[in-house]
(Lines give C-alpha, C1' and ligand atoms only; values in the text may rest on other atoms or scores of the structure.)
Protein backbone atom coordinates (compact mmCIF):
# COMPACT_ATOMS: atom_id res chain seq x y z
CA UNK A 1 0.00 0.00 0.00
CA UNK A 2 1.29 3.47 -0.87
CA UNK A 3 2.31 5.44 2.20
CA UNK A 4 -0.36 7.93 3.20
CA UNK A 5 0.46 11.63 3.05
CA UNK A 6 -1.59 14.73 3.89
CA UNK A 7 -2.14 15.32 0.16
CA UNK A 8 -3.43 11.79 -0.35
CA UNK A 9 -5.74 12.21 2.64
CA UNK A 10 -7.22 15.39 1.21
CA UNK A 11 -7.74 13.74 -2.17
CA UNK A 12 -9.52 10.90 -0.42
CA UNK A 13 -11.86 13.26 1.40
CA UNK A 14 -12.55 15.03 -1.89
CA UNK A 15 -13.59 11.67 -3.36
CA UNK A 16 -15.90 10.93 -0.43
CA UNK A 17 -13.76 8.34 1.40
CA UNK A 18 -11.95 8.50 4.72
CA UNK A 19 -9.22 6.47 6.48
CA UNK A 20 -9.48 4.20 9.52
CA UNK A 21 -7.41 1.59 11.33
CA UNK A 22 -8.69 -1.52 13.10
CA UNK A 23 -7.05 -0.52 16.40
CA UNK A 24 -4.44 1.85 17.83
CA UNK A 25 -1.51 -0.50 17.12
CA UNK A 26 -2.61 -1.54 13.64
CA UNK A 27 0.10 -0.70 11.06
CA UNK A 28 -2.47 -0.86 8.24
CA UNK A 29 -4.84 1.95 7.28
CA UNK A 30 -7.86 1.32 5.04
CA UNK A 31 -10.32 3.56 3.21
CA UNK A 32 -14.03 3.60 4.06
CA UNK A 33 -16.86 4.48 1.65
CA UNK A 34 -20.18 3.84 3.46
CA UNK A 35 -23.35 3.16 1.50
CA UNK A 36 -25.15 5.42 3.97
CA UNK A 37 -23.56 8.62 5.28
CA UNK A 38 -24.30 10.59 8.42
CA UNK A 39 -24.46 14.38 8.18
CA UNK A 40 -25.37 17.06 10.71
CA UNK A 41 -27.20 19.92 8.97
CA UNK A 42 -25.59 23.23 9.95
CA UNK A 43 -29.07 24.75 10.18
CA UNK A 44 -30.73 21.76 11.81
CA UNK A 45 -29.00 21.18 15.15
CA UNK A 46 -31.49 19.99 17.75
CA UNK A 47 -30.87 21.56 21.13
CA UNK A 48 -32.97 19.84 23.78
CA UNK A 49 -34.41 21.67 26.79
CA UNK A 50 -31.98 19.92 29.11
CA UNK A 51 -28.97 20.77 26.94
CA UNK A 52 -30.12 24.38 26.57
CA UNK A 53 -30.51 24.63 30.35
CA UNK A 54 -27.01 23.24 30.86
CA UNK A 55 -25.43 25.59 28.32
CA UNK A 56 -27.12 28.65 29.80
CA UNK A 57 -25.70 27.87 33.23
CA UNK A 58 -22.38 26.26 32.38
CA UNK A 59 -18.94 27.64 33.15
CA UNK A 60 -17.56 25.76 30.14
CA UNK A 61 -15.69 27.78 27.53
CA UNK A 62 -15.24 26.92 23.83
CA UNK A 63 -12.09 27.64 21.80
CA UNK A 64 -10.72 26.55 18.44
CA UNK A 65 -7.26 25.21 17.63
CA UNK A 66 -5.88 25.84 21.12
CA UNK A 67 -5.04 22.19 21.74
CA UNK A 68 -5.56 20.13 18.59
CA UNK A 69 -3.20 17.40 19.78
CA UNK A 70 -5.00 17.21 23.12
CA UNK A 71 -8.36 16.76 21.39
CA UNK A 72 -7.01 13.99 19.13
CA UNK A 73 -5.49 12.24 22.13
CA UNK A 74 -8.72 12.67 24.09
CA UNK A 75 -10.64 11.03 21.25
CA UNK A 76 -8.16 8.14 21.19
CA UNK A 77 -8.27 7.66 24.97
CA UNK A 78 -10.62 4.70 25.02
CA UNK A 79 -10.34 0.92 25.04
CA UNK A 80 -11.09 0.55 21.33
CA UNK A 81 -10.00 3.26 18.91
CA UNK A 82 -9.39 3.51 15.17
CA UNK A 83 -6.91 6.35 15.74
CA UNK A 84 -3.60 4.59 15.20
CA UNK A 85 -0.20 6.20 15.60
CA UNK A 86 0.06 6.78 11.85
CA UNK A 87 -3.39 8.35 11.64
CA UNK A 88 -2.60 10.58 14.62
CA UNK A 89 0.55 11.88 12.95
CA UNK A 90 -1.24 12.47 9.64
CA UNK A 91 -3.89 14.63 11.27
CA UNK A 92 -1.28 16.59 13.18
CA UNK A 93 0.39 17.32 9.84
CA UNK A 94 -2.96 18.36 8.33
CA UNK A 95 -3.46 20.69 11.30
CA UNK A 96 -0.05 22.26 10.72
CA UNK A 97 -1.10 22.92 7.12
CA UNK A 98 -4.42 24.49 8.13
CA UNK A 99 -6.62 21.68 6.80
CA UNK A 100 -7.63 20.23 10.17
CA UNK A 101 -9.18 22.02 13.13
CA UNK A 102 -10.34 21.32 16.65
CA UNK A 103 -12.96 22.83 18.90
CA UNK A 104 -12.11 22.48 22.56
CA UNK A 105 -14.34 22.66 25.63
CA UNK A 106 -12.66 23.84 28.82
CA UNK A 107 -13.86 23.91 32.42
CA UNK A 108 -11.67 25.60 35.02
CA UNK A 109 -8.84 25.64 32.46
CA UNK A 110 -9.06 21.84 32.05
CA UNK A 111 -9.76 20.27 28.65
CA UNK A 112 -12.99 18.34 29.23
CA UNK A 113 -14.26 17.72 25.70
CA UNK A 114 -13.86 18.48 22.06
CA UNK A 115 -14.21 17.53 18.42
CA UNK A 116 -11.79 17.61 15.51
CA UNK A 117 -12.04 17.23 11.78
CA UNK A 118 -10.82 18.14 8.32
CA UNK A 119 -11.80 21.15 6.21
CA UNK A 120 -12.02 21.15 2.43
CA UNK A 121 -13.70 24.21 0.96
CA UNK A 122 -17.07 24.56 2.69
CA UNK A 123 -17.09 20.95 3.92
CA UNK A 124 -16.19 19.95 7.46
CA UNK A 125 -15.45 16.25 7.94
CA UNK A 126 -15.95 15.45 11.60
CA UNK A 127 -13.52 12.75 12.68
CA UNK A 128 -14.09 12.14 16.37
CA UNK A 129 -15.16 13.74 19.64
CA UNK A 130 -14.73 13.05 23.33
CA UNK A 131 -16.20 14.07 26.65
CA UNK A 132 -14.85 14.03 30.20
CA UNK A 133 -17.78 15.94 31.71
CA UNK A 134 -21.53 15.60 31.31
CA UNK A 135 -22.70 17.36 28.12
CA UNK A 136 -19.16 18.39 27.11
CA UNK A 137 -19.33 16.71 23.69
CA UNK A 138 -22.87 17.97 23.06
CA UNK A 139 -21.78 21.49 23.96
CA UNK A 140 -18.80 21.13 21.62
CA UNK A 141 -21.03 20.08 18.73
CA UNK A 142 -23.52 22.87 19.39
CA UNK A 143 -20.75 25.48 19.41
CA UNK A 144 -19.17 23.95 16.32
CA UNK A 145 -22.39 23.81 14.29
CA UNK A 146 -23.18 27.44 15.14
CA UNK A 147 -19.68 28.53 14.10
CA UNK A 148 -19.83 26.51 10.87
CA UNK A 149 -23.13 28.15 9.99
CA UNK A 150 -21.70 31.64 10.51
CA UNK A 151 -18.66 30.65 8.46
CA UNK A 152 -20.81 29.64 5.44
CA UNK A 153 -20.07 25.90 5.64
CA UNK A 154 -22.46 23.77 3.59
CA UNK A 155 -21.63 20.25 4.78
CA UNK A 156 -20.90 18.74 8.20
CA UNK A 157 -20.02 15.12 7.55
CA UNK A 158 -20.28 12.84 10.62
CA UNK A 159 -19.34 9.73 8.60
CA UNK A 160 -21.71 7.39 10.42
CA UNK A 161 -24.82 8.10 12.44
CA UNK A 162 -25.27 7.11 16.09
CA UNK A 163 -28.18 7.48 18.48
CA UNK A 164 -26.23 10.30 20.13
CA UNK A 165 -25.82 12.19 16.86
CA UNK A 166 -29.39 11.46 15.75
CA UNK A 167 -30.68 13.04 18.98
CA UNK A 168 -28.83 16.22 18.00
CA UNK A 169 -30.34 16.39 14.51
CA UNK A 170 -28.00 14.22 12.44
CA UNK A 171 -29.58 12.40 9.50
CA UNK A 172 -28.53 9.61 7.18
CA UNK A 173 -28.36 10.06 3.42
CA UNK A 174 -27.39 7.81 0.54
CA UNK A 175 -23.90 7.67 -0.95
CA UNK A 176 -25.18 9.35 -4.12
CA UNK A 177 -26.80 12.18 -2.16
CA UNK A 178 -23.63 12.62 -0.14
CA UNK A 179 -21.41 12.85 -3.22
CA UNK A 180 -23.72 15.47 -4.72
CA UNK A 181 -23.51 17.60 -1.57
CA UNK A 182 -19.76 17.05 -1.37
CA UNK A 183 -19.20 18.23 -4.94
CA UNK A 184 -21.01 21.47 -4.15
CA UNK A 185 -19.38 22.05 -0.77
CA UNK A 186 -15.72 21.33 -1.47
CA UNK A 187 -15.53 23.93 -4.23
CA UNK A 188 -17.25 26.63 -2.19
CA UNK A 189 -15.61 29.06 0.22
CA UNK A 190 -16.03 29.04 3.98
CA UNK A 191 -14.18 30.26 7.06
CA UNK A 192 -13.55 28.26 10.22
CA UNK A 193 -14.58 30.92 12.75
CA UNK A 194 -14.01 31.37 16.45
CA UNK A 195 -16.93 30.01 18.50
CA UNK A 196 -19.13 32.18 20.67
CA UNK A 197 -19.97 31.27 24.25
CA UNK A 198 -22.33 28.36 24.99
CA UNK A 199 -24.79 30.93 26.35
CA UNK A 200 -24.77 32.88 23.08
CA UNK A 201 -25.10 29.65 21.08
CA UNK A 202 -28.30 28.79 22.95
CA UNK A 203 -29.70 32.27 22.41
CA UNK A 204 -28.96 32.23 18.68
CA UNK A 205 -30.28 28.71 18.13
CA UNK A 206 -33.49 29.21 20.09
CA UNK A 207 -34.19 32.48 18.29
CA UNK A 208 -34.02 30.77 14.89
CA UNK A 209 -35.75 27.50 15.82
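The values are calculated or read from the model by the stated rules, or taken from the named source; none is laboratory data. What you are looking at is a predicted structure, and each value in this text was computed from that prediction instead of being measured. Glycine also receives a Cβ, built like all others from the backbone with ideal geometry; neighbour counts cover every protein chain displayed.
Before we move on, is residue 118 touching a helix residue (DSSP H, G or I) at 6+ places or on another chain (Cβ under 8 Å) and either in contact (Cβ under 8 Å) with a residue 40 or more places away in the chain or over 27 Å from residue 5 (Cα atoms) (or both)?
Values: touching a helix residue (DSSP H, G or I) at 6+ places or on another chain (Cβ under 8 Å): yes; either in contact (Cβ under 8 Å) with a residue 40 or more places away in the chain or over 27 Å from residue 5 (Cα atoms) (or both): yes.
Considered against the rule, which asks whether it is touching a helix residue (DSSP H, G or I) at 6+ places or on another chain (Cβ under 8 Å) and either in contact (Cβ under 8 Å) with a residue 40 or more places away in the chain or over 27 Å from residue 5 (Cα atoms) (or both), residue 118 comes out as yes.
Number of residues in segment 6-25 that are in contact (Cβ under 8 Å) with a residue 24 or more places away in the chain and either touching a strand residue (DSSP E or B) at 6+ places or on another chain (Cβ under 9 Å) or over 16 Å from residue 76 (Cα atoms) (or both): the value is 11. Among the residues of segment 54-70, at least one is within 15 Å of residue 138 (Cα to Cα), out of contact with any strand residue (DSSP E or B) (no Cβ under 8 Å at 6 or more places or on another chain) and without any contact (Cβ under 8 Å) to a residue 60 or more places away in the chain.
Condition check: under 19 Å from residue 190 (Cβ atoms), at pLDDT 95 or above and touching a helix residue (DSSP H, G or I) at 6+ places or on another chain (Cβ under 9 Å). Does residue 130 satisfy that? Show your work before the answer.
Numbers: under 19 Å from residue 190 (Cβ atoms): no; at pLDDT 95 or above: yes; touching a helix residue (DSSP H, G or I) at 6+ places or on another chain (Cβ under 9 Å): yes.
Spelling it out, it is not the case that residue 130 is under 19 Å from residue 190 (Cβ atoms), at pLDDT 95 or above and touching a helix residue (DSSP H, G or I) at 6+ places or on another chain (Cβ under 9 Å).
Of the residues making up segment 85-111, those that are under 16 Å from the mean Cα position of the chain (by Cα), under 13 Å from residue 71 (Cα atoms) and not in a helix (DSSP H, G or I) number 6.
Considering only segment 188-209, state which residues are over 22 Å from residue 51 (Cβ atoms) and touching a strand residue (DSSP E or B) at 6+ places or on another chain (Cβ under 9 Å).
188, 190, 192 - these are the residues of segment 188-209 that are over 22 Å from residue 51 (Cβ atoms) and touching a strand residue (DSSP E or B) at 6+ places or on another chain (Cβ under 9 Å).
With respect to the conditions (1) at pLDDT 95 or above; (2) farther than 30 Å from residue 79 by Cβ; (3) not in a loop (DSSP other than H, G, I, E, B), residue 204 falls short on a single one, namely (1).
Can you spot a residue in segment 142-155 that is free of Cβ contacts under 8 Å to residues at least 40 places away in the same chain, touching a strand residue (DSSP E or B) at 6+ places or on another chain (Cβ under 9 Å) and within 23 Å of residue 69 (Cβ to Cβ)? No.
Scanning segment 62-76 for residues that are crowded, with 21+ Cβ neighbours inside 10 Å, within 19 Å of residue 97 (Cα to Cα) and in contact with a helix residue (DSSP H, G or I) (Cβ under 7 Å, 6 or more places away or on another chain) yields a total of 2.
Restricting segment 137-156 to residues that are at negative phi and assigned to a loop (DSSP other than H, G, I, E, B) leaves a set whose member that is surrounded by the fewest Cβ atoms within 10 Å (Cβ to Cβ) is 151.
Figure legend. Inter-residue proximity from segment 160-175: first residues on the phi > 0 side of the Ramachandran plot, second residues in a loop (DSSP other than H, G, I, E, B) and surrounded by 13 or more Cβ atoms within 10 Å (Cβ to Cβ), beta-carbon distance below 7 Å, spacing 6+ or different chains. Indicated pairs: 169/40; 169/41; 169/44; 169/45; 169/46.
If the requirement is being modelled with pLDDT under 95 and under 16 Å from the mean Cα position of the chain (by Cα), which of these qualifies: 191, 139, 158, 162?
Values: 191 fails: modelled with pLDDT under 95; 139 fails: modelled with pLDDT under 95; 158 fails: modelled with pLDDT under 95.
Checking each option against the conditions leaves just 162.
Residue by residue through segment 167-188, note down the ones that are under 18 Å from the mean Cα position of the chain (by Cα) and more than 30 Å from residue 59 (Cβ to Cβ). Those that are under 18 Å from the mean Cα position of the chain (by Cα) and more than 30 Å from residue 59 (Cβ to Cβ): 171, 172, 173, 178, 181, 182, 185, 186.
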